[in-house]
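Structure, as structure tokens:
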Amino acid sequence: MTTTTITLTASDGHEFAAYESVPKGPILGRMVVIQEIFGVNEHIRDVCDRLSSQGIAAVAPAVFDRVERNVELGYTPEGIAKGLEIRAQIEWDAVLSDTQAAVDHLAANGPVGIVGYCWGGTIAWVAGCRFDNLACAVGYYGGQIMDFIEETPNCPTMLHFGEKDASIPLTDVVQIAARHAPVQTFTYPDGEHGFNCDHRGSYHEESSKLAESRSFPFYLENMK
């Protein structure tokens, strides 16, 4: 694969960085990867590279660039506090504008999907509801999806939640699944918040592998 940092421009003229990972062989699809509240850190770059290793070109926009550039935070109380502080300064219209720019960057060459984690999981949900050029959307433990439960996805959508996630009540997940029957909603009995991230103490390998075994075919099926 080839990895590089590129510059993208949102519709309001804001320029921001993005990490791009491109397969060396045939490209089977294209995905935008949306960060947690920790910036485009090693975990998010790893996600992009795993996608690329399976033939999917991936771009992770640095949506924190609106407030502070080159943010890479760790999964510590200090990192969480800093990430929450930055996130609070970014309006939804702004982060969606940056996300749309990343989608458009890839869409010039074929169908594009989106996947997001934590805060990014909610962004992926909203993008799936509001954008008109996404082939699919996947959200991992998006804690604010309930705030947008009345919106309906415009593309095939899949959601993953951990049943031991202290920040997302299972009652919320049940409501989301009931309100949006076409959405493939999965829960993982041993999954905590961040169960897919092997850089976190809450990583759960079995749940992570099961979620990815569902997500990767979903990406490819919808980006034909």
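The values are calculated or read from the model by the stated rules, or taken from the named source; none is laboratory data. If you're wondering where the values come from, they're calculated on a predicted model, not measured in any experiment. Note: ideal-geometry Cβ built from the backbone for every residue, glycine included; neighbour counts use all protein chains shown. These accessible areas exclude ligands, DNA and RNA; they are computed on the full protein's heavy atoms, side chains included. Shrake-Rupley method; radii C 1.70, N 1.55, O 1.52, S 1.80 Å.
The table that follows gives values for the structure above.
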item	result
List Asp132, Asp98, Asp12, Asp49, ordered by accessible area with a 1.4 Å probe, largest first	Asp132, Asp12, Asp49, Asp98
Residue-normalised accessible area of the range 103-150, given per residue in Å² at a 1.4 Å probe	28
Cα-based shape type of the range 57-193, given that a ≥ b ≥ c are square roots of the gyration tensor eigenvalues and the cut on a/c is 1.5	oblate
Helical contribution to [θ] at 222 nm, DSSP H n ≥ 4, -39,500 (n - 2.57), averaged over the chain, rounded to 500	-11000 deg cm²/dmol
Contact order normalised by residue count of the chain, Cα under 8 Å, 6+ apart, percent	16
Relative contact order of the range 1-133, defined on C-alpha pairs under 8 angstrom at six or more residues apart (%)	29
Relative contact order computed over the range 92-224 (Cα-Cα under 8 Å; 6+ residues apart), in percent	19
Cleavage-rule hits, GluC sites (Glu not before Pro), the range 147-199, DSSP coil, Cβ neighbours within 10 Å at most 16	Glu150, Glu151, Glu163
Beta bridges by DSSP in the chain, antiparallel share as percent, to the nearest 5	35
Pairs of lysine residues in the chain - Cα separation under 28 Å, sequence separation of 8 or more or cross-chain	5
Of all accessible heavy-atom area on the chain, the percent that carbon and sulfur account for (1.4 Å)	49
Accessible area (Å², per residue) of the range 32-95, counting only protein heavy atoms and a probe of 1.4 Å	41
